[in-house]
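The next block holds one structure in the form of structure tokens; read it before the comments.
Since every read-out is calculated from the coordinates, none of them should be taken as a lab result. Computed from a predicted model, the values in this text were never measured in an experiment. Quick reminder, even Gly has a Cβ in these numbers, built from the backbone with ideal geometry, and neighbours come from all protein chains shown.
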Ligand SMILES: *Cc1c(COP(=O)(O)O)cnc(C)c1O
């Protein structure tokens, strides 16, 4: 059973086709639905074959810490979607982010990152990397001159997410990747909030894309997972050894769930984006809401960048209630369909109060610096009927 040989055929397929057929490997049984290979190891037909596999002379699977047919199908399907040459599935989004940095950085290197980051990404950049002698500078991601000014001769990586969590600020991917390239640094984009359907960082000039597959790729709140995608030069020659020897591996079970999630990704993301746009407009009309943050609305300060690099406004909406923390809590407690959580990208619509959960660690000053107020809420739109979601919000607002 060959690991590759399917990518070429999907070269001219559109996304929806690649997401159903891309990367499929069939066993001798010809199963229609992709097989789940729950195996840690592989039996060799002979000592010679084992030797050849280890030498790399013979294609094939060796050990599921770094190669497994179900995980390979997920990786190849994601490559087809992203336009990447190679990828490795990981146990979670955070293992993807951490490995995308630690796999190539060394003491004495410098990293520049956007200052509005998913909480754990901020920990990795701001707290973990410096422990190993890698200095980090955090910049206002919307300010191109700040990115330029932060570059040093030892800057080896640039890391950011766009739209950011939770304020849905945008970073100009093309411009920042160019600044990184000119400085000789690799650009690494955490593309979770845009989903792979709406934004293609590699086409915009990024070197590496990372995902928490836990979010829209699974999309049904079941499994943790992640993936790192890039050129074969980076993934096979640099990333692979770190991945193989440190083991942030993806479970074949989770890879199978993600693989099947990809088949419906375009339908799910399109539905959630339609609901998000409706809800954003609805919220903007309410006298109880002081501000709506949605990249798809013309009042978003970076709406032009959204039009340039995103296919739509995305499946998340943030907004600010005039009533502060009390108002936000009352609103959340009144909701019936939206569930209170810190997660996102589920089939169920979700609401998060960043100031007391995901961004609690930053403290009041840290939050104020990046515009997270006590009245701010983040919505992740799921797969329910948008009319019911709007009615749920309407009722909670009037309570
Ligand atoms: C969820 C998330 C992560 C971390 O992913 P896990 O799968 O939870 O480890 C990283 N970045 C962003 C933007 C996320 O939303």
Across 20 Å bins beginning at 0, the whole-percent shares of Cα-Cα pair distances in the chain come to 28, 56, 16, 1
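Which of 289, 111 comes first, and how do the rest follow, when ranked by fewest Cβ neighbours within 10 Å?
Working: 289 21, 111 26.
In increasing order of surrounding Cβ atoms, one gets 289, 111.
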Most mobile listed residue (225, 89, 133) in the chain, GNM with C-alpha springs under 10 Å:
133
Taking 7 Å along the Cα-to-C-beta vector as the label spot, tell me the residue 369-residue 145 distance in nanometres, rounded to one decimal.
2.0 nm
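Determine, from the Cβ-Cβ distance of residue 360 and residue 336 and an R0 of 25 Å, the FRET efficiency 1/(1 + (r/R0)^6), rounded to the nearest 0.05.
Numbers: r = 26 Å, r/R0 = 1.02.
Calculated value: 0.45.
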Between residue 291 and residue 387, what length in nm is gained on full extension when 0.36 nm per residue of separation is reduced by their alpha carbon distance?
32.4 nm
Cβ density ranking, 10 Å radius, fewest first, applied to 316, 362 yields 362, 316
Indicate, rounded to the nearest 5 percent, the antiparallel portion of the DSSP beta bridges found entirely in the chain.
55 percent
In degrees from 0 to 90, rounded to the nearest 10, what is the angle of the helix 93-102 Cα long axis to the longest principal axis of the chain?
70 degrees
At 0.36 nm per residue, minus the direct Cα-Cα distance, what do residue 203 and residue 267 gain on full extension? Give it in nm, one decimal, please.
20.8 nm
Over the chain, with a Gaussian network built from C-alpha contacts below 10 Å, which listed residue (297, 361, 378) shows the highest mean-square fluctuation?
361
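Given the -39500 (n - 2.57) contribution per DSSP H run of 4+ residues, what per-residue ellipticity at 222 nm results for the chain, rounded to the nearest 500 deg cm²/dmol?
-10500 deg cm²/dmol
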Could you tell me the calculated FRET efficiency between residue 33 and residue 232, based on Cβ-Cβ distance and R0 = 25 angstrom, to the nearest 0.05?
0.30
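Give me 339, 330 ranked fewest to most by other Cβ atoms within 10 Å of their Cβ, as a rough exposure proxy. Walk me through the intermediate numbers first.
Numbers: 339 17, 330 14.
Going from least to most buried by this count: 330, 339.
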Looking only at 235, 387, 370, which one moves most when the chain is put into a Gaussian network model with springs between Cα atoms under 10 Å?
387
Quick calc: nm separation of the 7 Å Cα→Cβ label points for residue 107 and residue 26 -> 5.5 nm
